[in-house]
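The values are calculated or read from the model by the stated rules, or taken from the named source; none is laboratory data. What you are looking at is a predicted structure, and each value in this text was computed from that prediction instead of being measured. Cβ coordinates were reconstructed from backbone atoms using ideal geometry, including for glycine residues, and neighbour counts include every protein chain displayed.
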Amino acid sequence: MRLTNIGAVILPVILGFGILHPTLLAREEGETQEGQQEQKVIKKTSEGQGERAGTKVVPLSNSLSSYRVDFTLTEFEEGKKINSRSYSLTTQVGHRDKLRLGGRVPVATNIGASPPNAQFQYLDIGMNIDCSIPEQDGSVLINSTIDSSSAAPQPEPQTHQPVLRQMRYEVATVLTPGKPTIIGTMDDPTSKARFQLDVTAPKVR
């Protein structure tokens, strides 16, 4: 009689655990999935913030001042000015601006070949200027890189090929706004020519 009563009590308990067990498992799985989704949302939010921080645009300068920068390259021969070329650009304080001007010169690569078989290589020549003007402690500075290349007036006497002249200036100096300043001079090793580079930077705003 006692065994029958004990069995009657234990059997519902076992059945109850059998019913509750899947419910508990489903609840635990639901909580785990919710936790994983929250972690994914947090991860995506952190990655988005990191990408926005990495691509944040930092302004180069808060100044709206601008200068018109005039470069003048003058060629002298035996003390006499024989040629002069000018290049101008307007640059805002804190920005670095560029000027590009040039052409291409053909140079024969198989000298002596007849016209149908002649081959040429084209070389770039011209003027490349990179320039920036910062203002510091009431002074106006200029940072500039000037690359100049040109064909000499006379070709090479033996091959009659063009002779290319190249000059490069990298200059950082203090300017007086509106007044010309000599920032470089250079002698041409292939001739008696001497080159002088001047810069004038009047304030326009």
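Overview of results
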item	result
Residue list for region 166-205, restricted to those being without any contact (Cβ under 8 Å) to a residue 40 or more places away in the chain, in a strand (DSSP E or B) and not aliphatic (A, V, I, L, M)	Gln166, Arg168, Tyr169, Glu170, Thr173, Thr181, Gly184, Thr185, Asp187
Region 125-159 - residue that is modelled with pLDDT under 90 and charged (D, E, K, R) and, of those, farthest from the chain's Cα centre (by Cα)	Glu156
Ser132 vs. criteria more than 22 Å from Asn83 (Cα to Cα), surrounded by 13 or more Cβ atoms within 10 Å (Cβ to Cβ) and polar (S, T, N, Q)	yes
Only listed residue being more than 19 Å from Thr90 (Cα to Cα), aliphatic (A, V, I, L, M) and in the same structural domain as Gly103 (by TED's automatic domain parsing), chosen from Val171, Val163	Val163
Filter pass, Thr91 being at pLDDT 95 or above and either surrounded by 14 or more Cβ atoms within 10 Å (Cβ to Cβ) or closer than 26 Å to Gln196 by Cα (or both)	no
